[in-house]
Amino acid sequence: MIDRHAIIDKKIEHQGIGGKEIRIEKEMTIGDILDTNFNDMPIAMSNFIMRRKDIMELDEDMKVYYGHVVYLGYFVADDEIVEWLD
């Protein structure tokens with residue numbers, strides 16, 4: 001398990017997570033998400049796909065992080081992180 005902290009870009013409006021700290025627990029790529037079977041997809045991942053309408057245009061090697069903002073889990077892409085705290 002990864003234990004890093006970052007700040008999410010304020011432009012992310014989904015559930016008010018923009019500008020907040022996320023505790024990163026897992027790292028993957030856009031390609032990994034696109035390869036995930038829909039039936040095995042966690043809600044946070046499907047929310048990420050719906051939020052990122054441009055997902056098919058992103059580089060498959062772009063990193064995507066799973067972590068918690070307060071008590072809820074979210075996926076955020078590397079281009080949505082504005083600052084690493086550690």
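Readers should treat all values here as calculations from the given coordinates under stated rules, not as data from a laboratory. This is a predicted model, so every value here is computed, not measured. Reconstructed Cβ throughout: ideal geometry from the backbone, glycine too, with neighbour counts over all protein chains shown.
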Inset, instruction - Could you please give the count of residues in segment 22-71 that are more than 10 Å from the chain's Cα centre (by Cα) and among the hydrophobic types (A, V, I, L, M, F, W, C)? - result: 12
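Would you mention how many residues in segment 3-41 are in a helix (DSSP H, G or I) and among the hydrophobic types (A, V, I, L, M, F, W, C)?
Filtering segment 3-41 down to residues in a helix (DSSP H, G or I) leaves 14-16, 30-34, 38-40.
If we keep only those that are among the hydrophobic types (A, V, I, L, M, F, W, C) as well, we get 30, 33-34, 38.
Selection size over segment 3-41: 4.
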Legend entry - Cross-chain or 6+ apart pairs with Cβ under 9 Å, segment 35-50 first and over 17 Å from residue 14 (Cβ atoms), then among the hydroxyl-bearing types (Ser, Thr, Tyr) and assigned to a helix (DSSP H, G or I): 38/46
Legend entry - Test for residue 29: is it of a type in the set (Val, Ile, Thr) and either without any contact (Cβ under 8 Å) to a residue 24 or more places away in the chain or touching a Cys at 6+ places or on another chain (Cβ under 6 Å) (or both): no
